[in-house]
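*Asks:* What follows is a structure written as structure tokens; I'll ask about it next.
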Amino acid sequence: MSPFAQPASGGADRPAGDAGHPADAGDAGNIEYRVAHLHDRLAAEELAELGVRAEVRAGSVVVTGTVPSAECRETLLRTVHEELAGLAVHTDVQVAETASPDHAEDLP
């Protein structure tokens, strides 16, 4: 068989990774694709947040990081839930403390 020959199943018309089955939300490749798309949205949209990580661990997605405000955290969580709807998602996103100190630091 030639290295350029197409399989008899006609796989040339299907997207990569599709073996004739509908996309399944639990499929590892589909999850990775959705996480990559989430990273793109976080970097490109109004949030422009690069300090957040989303990783696939044991079939669920873990989102961690720090954002500058509670509003940014809410926007981030809304985007995560839109992009990863139907998946198990665990979030640990902290709001950075940006207020000035209310007292002087005592150094020994």
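No lab work stands behind these numbers, since they all come straight from the coordinates. In this text, all values refer to a predicted model and were calculated from it rather than measured experimentally. When we count neighbours, we look across all protein chains shown, and the Cβ atoms used for this are built from the backbone with ideal geometry, even at glycine.
*Asks:* I'd like the Karplus ³J(HN,Hα) series for region 36-50: coefficients 6.51, -1.76, 1.60, θ = phi - 60°, whole numbers in Hz, and an x wherever there's a Gly or Pro.
*Replies:* 4, 5, 4, 4, 4, 5, 5, 7, 9, 7, 3, 5, 6, 9, 10
*Asks:* Shifting gears a bit: Starting with the fewest neighbours, write out L77, L107, L47 ranked by other beta-carbon atoms found within 10 Å of each beta-carbon.
*Replies:* Lowest to highest Cβ neighbour count: L107, L77, L47.
*Asks:* Also, quick follow-up: Tell me the Kirkwood hydrodynamic radius of region 25-95 in angstroms, computed as one over the mean inverse distance between distinct C-alpha pairs.
*Replies:* 12.0 Å
*Asks:* Going by amide H atoms built from the backbone, whose H comes under 5 Å of the H on T66, apart from near neighbours?
*Replies:* Q94
*Asks:* Once label points are set 7 Å from the Cα along Cα→Cβ at both E71 and E32, what is their separation, rounded to one decimal in nm?
*Replies:* For the pair E71/E32, the computed spacing is 3.8 nm.
*Asks:* Hey, what do the phi angles of region 61-70 turn into as Karplus ³J(HN,Hα) couplings, whole Hz, using 6.51/-1.76/1.60 and θ = phi - 60°, x for Gly and Pro?
*Replies:* Per residue, the Karplus-derived 3J(HN,Hα) values read 10, 10, 10, 9, x, 10, 10, x, 8, 5 Hz.
*Asks:* Shifting gears a bit: If you stretched the chain out fully between R53 and A85, how much longer would it get, using 0.36 nm times the residue separation minus the C-alpha to C-alpha distance?
*Replies:* Gain on extension, R53 to A85, equals 9.8 nm.
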